[in-house]
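Some notes on the structure that comes next.
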Amino acid sequence: MNEKKLLAKAIRLAAKKHVKQERKDGTSYIYHPMRVAEYLRRAGADIRTQIVAVLHDVLEDTDTPESKIKEFGSDIFEAVKLVTRPEGAAEDQYVAAILKNPMAANVKMMDKIDNVTDILMVDGYGNERTEKNRAKAVRYIEKARKYYYGKFSKALDTVIEEAEKDIQSPVVLRRIDICFEAESVKLYEAGKAEEKVEPEVVEPESAKPEIAEPESVKPEITESERAEIESVETEAEETEISETATIETVTSEIETAEPEITETETAETETAEKDITETETAEAEVAETEIAEPETTEPETTATETEISESSDEDSDDDDDDDGLEFL
């Protein structure tokens, strides 16, 4: 079977298996693999690569057995198998395996170009993007940037860059144009992709831009205003100096007056205290004199009283002797 008939066979198989499937925009799914095949044709790819493009989602999205794909040849089967995403596979490993096979890499490059441009058109040309569809598109483009940018071709990189710009618009304005020139669609040479410098990613509109603080603007001052300001400042300084001198003078006078007042008050206080003390002493002595008992003045004894006294003493002595004899 020649390659053109083989391509027709692949189209019939894909159309049959995708017949009930639709894309996100509601169109029949078969249009997607057919567009990928058309992109490759326009880029100069051979028919066998176009067959891989037509069949690239059959194993992953339908119940088609691998045996059906093997009928198209081992090279086609191997390429289709590589672009079929294994369940739970890491994206970087999935991409790395594809890049080892030129046929699979070319198909995956065009597959990603169509998906990126297609996801921007889900809401329809001229319509506003819904928040849900916009969010899905942003995630898809970010993933494309992370795992595919700089690894396949200039054509794919350009589409990713344009998609990052277009998604900023709230309205669907266009379908991204694809460059099919040979240099644009040519796969990067092994190792060259790692040297490619990625441009800065455009932040989405939802991100709040940094607002620079306005610089302080100093008002312009005329010469007359400057002179007036300087005059006021000079007067303020002179007033401050004058007030300071006045305060110092008053303080000095107070300090000088305080010792004089203190000495005068001290002298008067000492004099008053001395007078009070002397007065109190004198009064105390007079009081003591008045309070003291008068001395007893013995009366003069006459000769007769003396004789009588002596006579009494003698009688008394006799009594004492009697008393003494009585106790013997």
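The values are calculated or read from the model by the stated rules, or taken from the named source; none is laboratory data. Since this is a predicted model, take the numbers as computed values, not measurements. Here the Cβ is made from the backbone with ideal geometry for all residues, glycine too, and neighbour counts use every protein chain on show.
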**OP:** Might you check whether a residue that is at positive phi and in a loop (DSSP other than H, G, I, E, B) occurs anywhere in the stretch 71-78?
**Re:** yes
Subject >> Residues of the stretch 50-66 classified as crowded, with 20+ Cβ neighbours inside 10 Å and part of a helix (DSSP H, G or I), total >> reply: 8
Original post:
Is it true that some residue in the stretch 84-104 is over 51 Å from the mean Cα position of the chain (by Cα) and either surrounded by fewer than 16 Cβ atoms within 10 Å (Cβ to Cβ) or at pLDDT 95 or above (or both)?
Top reply: no
Original post:
Any chance the stretch 88-101 includes a residue that's aromatic (Phe, Trp, Tyr) and in contact (Cβ under 8 Å) with a residue 12 or more places away in the chain?
Top reply: no
**OP:** Could you look through the stretch 157-198, keep only residues that are at pLDDT below 70 and surrounded by 10 or more Cβ atoms within 10 Å (Cβ to Cβ), and pick out the one that is nearest to Val95 (Cα to Cα)?
**Re:** Ala193
Original post:
In this structure, is Gly26 among the small types (Gly, Ala, Ser), closer than 26 Å to Asn133 by Cβ and either in the same structural domain as Gly124 (by TED's automatic domain parsing) or under 52 Å from the mean Cα position of the chain (by Cα) (or both)?
Top reply: yes
Original post:
Hey, Lys151 hits all of (1) more than 27 Å from Lys17 (Cα to Cα); (2) within 37 Å of the chain's Cα centre (by Cα); (3) among the basic types (Lys, Arg) but one; which does it fall short on?
Top reply: (2)
**OP:** With the checklist (1) more than 38 Å from the chain's Cα centre (by Cα); (2) within 19 Å of Pro33 (Cα to Cα) in hand, flag the one item Val116 doesn't pass.
**Re:** (1)
Original post:
Do the conditions hold for Lys112, that is, is it under 20 Å from Asp177 (Cα atoms), touching a residue at least 12 places away in the same chain (Cβ under 8 Å) and assigned by TED's automatic domain parsing to the domain that holds Glu164?
Top reply: yes
**OP:** Please tell me if Ala90 is in the same structural domain as Val19 (by TED's automatic domain parsing) and within 18 Å of Lys143 (Cβ to Cβ).
**Re:** yes
**OP:** For residues that are in contact (Cβ under 8 Å) with a residue 24 or more places away in the chain and β-branched (Val, Ile, Thr), tally how many sit in the stretch 17-35.
**Re:** 0
**OP:** Take Val122 and decide whether it is within 22 Å of Tyr39 (Cα to Cα), in contact with a Lys or Arg (Cβ under 6 Å, 6 or more places away or on another chain) and either in a helix (DSSP H, G or I) or assigned by TED's automatic domain parsing to the domain that holds Ala104 (or both).
**Re:** yes
**OP:** State all residues of the stretch 126-138 that are free of Cβ contacts under 8 Å to residues at least 40 places away in the same chain, surrounded by fewer than 11 Cβ atoms within 10 Å (Cβ to Cβ) and not acidic (Asp, Glu); if no residue qualifies, say none.
**Re:** Lys132
